Amino acid sequence: LENLQPEIKELAQRLRYEVSVRGKQLGWSEKVARSHFARNMRRIVTELYIRDNCHPFKATLLLWVQVPMWVCVSLALRNCSVGALGSEVQEQFSSGGALWFTDLTTPDSTWILPVSLGLVNLLVVEV
């Protein structure tokens, strides 16, 4: 979408000029000229999106899939870690850690895991 912006600006200037010339020839009012410009500009931008296969909805598609998935996984992990006491999963989480986090059911008091996860996510987004 960003790569199309210079081309869209150029086409908008050219279309604005053509509409003003045509409007003067046919005696259009300012409102009619703006209407023709907006309608033709929408058509041109839609054609550019189709040509370059970059509809703005595609940029948000991942968000609509990833956020519900993240919520479900987070809730599932929370339910596993603080589920019914004495369950087998609870026992495995309380003794299955490594390094400084030996008990996976307690919060990380050093904040190493949350901060490192945030930095990794930022790196993924920026790269």
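The values are calculated or read from the model by the stated rules, or taken from the named source; none is laboratory data. Just so we're clear, the structure is a prediction, and the values are computed from it rather than from any experiment. Cβ atoms come from the backbone with ideal geometry, glycine included; neighbour counts cover every protein chain shown. In case anyone asks, the SASA skips ligands and DNA or RNA and just uses the protein heavy atoms, side chains included. Shrake-Rupley method; radii C 1.70, N 1.55, O 1.52, S 1.80 Å.
The table for this structure:
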item	result
Breaking point among (1) touching a His at 6+ places or on another chain (Cβ under 7 Å); (2) of a type outside the set (Asp, Glu); (3) under 30 Å from Asn121 (Cβ atoms), for Val89	(1)
Meets criteria (at pLDDT 75 or above, closer than 30 Å to Glu2 by Cα and part of a helix (DSSP H, G or I)) for Val115	no
Exclusive hit being in contact with an Asp or Glu (Cβ under 8 Å, 6 or more places away or on another chain), open to solvent by less than 80 Å² (accessible area, probe 1.4 Å) and hydrophobic (A, V, I, L, M, F, W, C), set Leu11, Leu1, Leu48, Leu15	Leu48
Among the residues listed as Ser94, Ser87, Ser35, the single one being over 23 Å from Leu117 (Cα atoms), open to solvent by less than 100 Å² (accessible area, probe 1.4 Å), out of contact with any Gly (no Cβ under 9 Å at 6 or more places or on another chain) and at pLDDT below 90	Ser87
Residue selected from segment 1-10 under the condition closer than 21 Å to Ala59 by Cβ and part of a helix (DSSP H, G or I), by the criterion nearest to the chain's Cα centre (by Cα)	Gln5
Hey, Ser35 free of Cβ contacts under 8 Å to residues at least 24 places away in the same chain, farther than 30 Å from Thr105 by Cα, in a helix (DSSP H, G or I) and among the hydroxyl-bearing types (Ser, Thr, Tyr) or not	yes
Tally of residues being within 26 Å of Thr60 (Cα to Cα) and not charged (D, E, K, R) across segment 12-40	3
Residue pairs meeting the criteria (Cβ under 9 Å; at least 6 apart or on separate chains; first within 11 Å of Leu1 (Cβ to Cβ), in segment 57-69; second open to solvent by less than 80 Å² (accessible area, probe 1.4 Å) and modelled with pLDDT of 80 or more)	Ala59/Leu1
Odd one out for Thr105 among (1) touching a Ser or Thr at 6+ places or on another chain (Cβ under 9 Å); (2) assigned to a helix (DSSP H, G or I)	(2)
